[in-house]
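Step one of this worksheet: look at the structure below.
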Amino acid sequence: MEGKYRIRFSAFFVFCFLSSIIFQLIGAKNILFDVYKWHIVQPESVQGGIELVVLFLFLSFCASKLDHKGLFLFIILISTGLYLRLHQVLEPAVAALFYFEIIIFFGGTVRRLVGISKRNKIIDYFDSCVIGLSFWGFFAIFLSLLGHGTFHELRMLTVLILLFCIISGSFRGWDYPLSFKIAMKIMNSGKVERVGGIFLLILVLVQFAKSNRAIDYDSIWYGLRPEYVLMGNHSIFENLGLVQFVHYYPKLFELFLLPISNLGDYSFIYAGTILFFALLLLVVCAFLKSLGATTVEGIYITILIGTIPGISNMASTAKTDMFTAFLIILSTYYLWLFIRDRFELHYLIFSFMSAFLSFGGKLSSLVYMPMILLGFAIHLTIGIYRGLEIKKLLRACIGQIKTSYMFICAITILTVLGIHYRTYILTGYPIYSILGGLWMKLGFEIKYPLAKNVEAIAGERENILEVMRHWYRLLFNPGGYSHYVMVWPGNISFYLFILVLVLVIFRKIPIKSYLQYMVIFFPVVLTGVYYQTFFPEGGDGNYYIVPVILSILMYLYPIIHTHNKKIKSAVYMGVAFFIPFQVTLMFVSHWSWSWGTASFDYKLNKPFLESSDTVKTELFNNGLGEIRSYIEEKSNADAGVKKCLAFGVDPTLVHKLPCRSESLDISRVRLGNPELFTSETEIMKYIIWDKIDYLIAPKKQMKGYEAISNVYNLLEKQQGVVKISSQEFYLLDISRIKREFLGVMFK
């Protein structure tokens, strides 16, 4: 019998090993050595990779050999600081970290003042983070509605909050800053945990280094330029005349980063996103511990998740993915604790607050959070069927209600409603650009010049064979799916699904014992699978951060709890091979198609405010140098933000001009309003309404743009119009023409 067991285990071990190797070989061939074959050999990849390997080995050696905790911490701080300075992001990283610590400190102060008790655990910091986000957002929105929400005024708000925390005596009842707490935790851990913690630190440092040279289209479009596309003269509630729907998403994340925005370099905004990535890793690790994982297991699985390119590489963008994913996973974590600790109301309250705050981020939260709640409803239904005394637990839960809980929940609700109120007053819809048909039926009216109903992404698979081919491409050969392979969400979930399925078939894990808990994650995982199946080309890889994370937790839950150490070791051995492949792919890929970090350059005195110079050089090299200089000169002279409308110019370049710019993409379906440029009359109507100052066009005549070309040609002949020529483009300054005159030109 024992021999038979050994044979079966050996077969499973070999299966784990061989299947993992096959996954890596296919992925390496089709992705690394096909899509990224050029990227992987560039100096920024090779030399940047060597630099990180040396740093990791050095810190790992110190972690395993140094017993002096103070010296070990000093070496980590110096090494981290030097690395960030070499990549010109030390100052943004420190500024963002200080800002985040203020928000957490503020949350802890509010918690103490309203009488919510501490647990002296890492979850205290999560509580404080949620409260801090809610209350800072509330005050920022309140000031903005009063017309006092500029960059400077929001920074002053943050300083006043810090002074309030200090004066209120919170230092007497508060722990160390979160960053120091994490450092102390690593120092006091064993050697294996130390090395794992250093690996996670390296993952964060990689994103900081990437942020110094990676500028993706979406970030420059609506994330890195809040001074042009979000902030008006007094607040974010002013109508800036923008058409593309991305400017009317919920902007809680962007609002939160305003105190560290518009500081002369994009890295400050990137640093905020990266710190949310670090918080996401922290909550995943805490979640795993609550699922029953040991500290080593928790760190190991967190590394596995943190190396997935579709997760980690979104940190070095200005998109809302990290912010939203952190809040959704945190909300799920709180719900899990609520169930585990038999309906302790504290966790339900903070789950609600985290979930509600996520509605101020990426709109995908409106899909994923209901699915997570559905999973918990299924869990409770199964529990009731198995004899769970739900009424007794609910009575105990209701008995824990406090005024303080109601107060902080109310602030959270008002904060998120305030963000959506911005969308409403600017667009006429409570949420834009989804549910347009519903809003129209309810009597809401869209405001000019926005589209009434933005076309939804749609796709269909004709038969099961097409679905299978599509999924093979998603899992092993996504090269033809450009927006998927850029931030590939990996195939580790599918691998774990296969292993768990094999173990269930051969009855090596009692699945019925775990099913009640696994179903919590099932609806959101299934939702991700559905969208991956039916979105054209699978959609963008970053859409699936939440389903991927929760699917890994779901499949590993029975592995974590199995008493069969050999099965556990076989599974962990199999997933270990994914980490080197995922790290390599993460390093050479990015949402911007940039690669690596930087080639060897060890000058420590490099300037960190360089984004402006980099953009100037890029615009000059692409034939827009004179136009950029003219716009900047006029903006400085008039002390105001100018408005530009361009066509025939790469939108990425248009968005880098020092003005509030729109390209002809505003007339594209799913991006803007296609009705704006159907005729010369409609074009002129928009130019007048939006008070356009500058028109930019290519010198070379372009087919398909006859209507707007006619408008440009007519305006060029008018008295008072200034024409500025660049290498390949020209600018018309129409700011001196009276708008009344423009209104009759095509009548």
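Here are a few things to note about the model shown:
- Dimensions (Å) - region 527-626, Cα atoms, principal axes, largest first: 68, 41, 19
- Model label sites at K65 and L465, defined 7 Å from Cα along the beta-carbon direction, differ in position by 6.2 nm.
- DSSP finds beta bridges in the chain, and of those with both partners inside it, around 55 percent are antiparallel.
- Inverse of mean 1/r across different Cα pairs in region 560-613, Kirkwood, Å: 15.4 Å
- Here region 611-743 carries DSSP beta bridges of which approximately 55% are antiparallel, counting only pairs with both residues inside.
- Most to least packed among 492-504, 390-402 [average Cβ atoms within 10 Å]: 492-504, 390-402
- Alpha-carbon centroid distance for the pair region 400-429 / region 282-300, whole angstrom: 32 Å
- Fully extending the segment from S599 to V41, taken as 0.36 nm per residue of separation minus the present Cα-Cα distance, adds 199.7 nm.
- Remark: region 30-158 carries a charge dipole of roughly 480 debye about the Cα centre, counting +1 on each Lys and Arg Cβ and -1 on each Asp and Glu Cβ.
- Inter-part distance, region 205-261 to region 512-567, computed on C-alpha centroids, equals 32 Å.
- Low-density loop cleavage sites - trypsin sites (Lys or Arg not before Pro) in region 23-77, where at most 15 other Cβ are within 10 Å (DSSP): K37
- Dimensionless Rg/Rh of the chain - Kirkwood Rh, Rg from C-alpha atoms: 0.97
- When you count the other C-beta atoms within 10 angstrom of each residue and take the mean per peptide, 93-99, 725-731, 327-333 line up highest first as 327-333, 93-99, 725-731.
- Rounded to the nearest 20 debye, the dipole size of region 211-338 about its Cα centre is 180 debye, using +1 on the Cβ of Lys and Arg and -1 on the Cβ of Asp and Glu.
- Pairs of Cα atoms in region 26-174 fall into 10 Å distance bins, from 0 up to the last occupied one, in shares of 9, 23, 24, 23, 17, 5, 0 percent.
- Shape parameters for region 342-499, alpha-carbon atoms, Rg then Dmax in Å: 21.5, 57
- Loop trypsin sites (Lys or Arg not before Pro), region 497-540, which have at most 13 other Cβ atoms in a 10 Å radius of their Cβ (DSSP): R507
- Under 5 Å from the amide H of A315 lies no amide H of any residue 5 or more positions distant or on a separate chain, with H modelled from the backbone and absent for Pro and chain starts.
- Amide hydrogen neighbours beyond the local backbone of S661, cut-off 5 Å, H modeled: C644
- Ranked from largest, the principal axis spans of the Cα set of region 69-151 equal 44, 36, 13 Å.
- Efficiency of FRET from Cβ geometry, Y176 and K717, R₀ 45 Å, rounded to 0.05: 0.05
- Distance between the 7 Å Cα→Cβ label points at K691 and L442: 3.1 nm.
- Take every pair of alpha-carbon atoms less than 8 Å apart whose residues are at least six positions apart; their mean separation over the length of the chain yields a relative contact order of 18 percent.
- With the helix formula -39500 (n - 2.57) applied to DSSP H stretches of n ≥ 4, the chain reaches a computed 222 nm mean residue ellipticity of -19500 deg cm²/dmol.
- Residues E662, E610 in ascending order of nearby Cβ atoms (within 10 Å, fewest first): E610, E662.
- Backbone HN-Hα couplings from phi across region 294-306 [Karplus 6.51/-1.76/1.60, Hz, Gly and Pro as x]: 6, 4, 5, 4, x, 5, 4, 6, 5, 4, 4, 6, x
- On Cα atoms only, tilt of 706-716 relative to the major axis of the chain in degrees: 50 degrees
- The fraction of Cα-Cα pairs per 10 angstrom bin, counted from 0 for region 405-448, comes to 29, 40, 22, 9, 0 percent, rounded to whole percents.
- In region 1-84, inverting the average of 1/r over every pair of distinct C-alpha atoms gives 17.0 Å as the Kirkwood radius.
- Net lengthening on full extension, Q400/T617 (0.36 nm per residue, minus Cα-Cα): 72.0 nm
- Three semi-axes describe the equivalent ellipsoid of region 611-743; taken as square roots of 5 times the Cα gyration tensor eigenvalues and ordered largest first, they are 22, 18, 14 Å.
- Entries in K118/K289; K118/K392; K447/K634; K319/K656; K69/K210; K447/K717 that, when Cα-Cα distance is taken, lie over 28 Å: K447/K634; K69/K210; K447/K717
- Added length on full extension, which subtracts the Cα-Cα distance from 0.36 nm per residue, L18 to H148: 40.6 nm
- The chain: angle of helix 522-534 to the longest principal axis, Cα-based, in degrees nearest 10: 50 degrees
- Positive-end residue of I464, H483, Y448, charge dipole of region 424-522 with Cβ unit charges: I464
- Counting every other Cβ atom within 10 Å of each residue's Cβ, H152, H234, H655 order from fewest to most as H152, H234, H655.
- Vicinal HN-Hα couplings computed from phi for region 199-210 (Karplus, 6.51 cos²θ - 1.76 cosθ + 1.60; Hz; Gly/Pro x): 4, 5, 4, 4, 4, 5, 5, 4, 5, 4, 5, 4
- Cβ-based net charge around F323, under 13 Å, with every Lys or Arg adding one and every Asp or Glu removing one: +1
- When you restrict to C-alpha pairs under 8 Å that are six or more residues apart and normalise by the size of region 611-743, the relative contact order lands at 25 percent.
- Cα centroid of region 77-103 to Cα centroid of region 321-394, whole Å: 34 Å
- Taking other C-beta atoms within 10 angstrom as a stand-in for reagent exposure, D265, D665 fall in the order D665, D265, fewest first.
Every number here is computed from the coordinates shown, using simple stated rules; none is lab data. A quick note: this is a predicted structure, and the numbers were derived from the prediction, not measured. In this analysis, Cβ positions are derived from the backbone assuming ideal geometry, glycine residues included, and neighbour counts consider all displayed protein chains.
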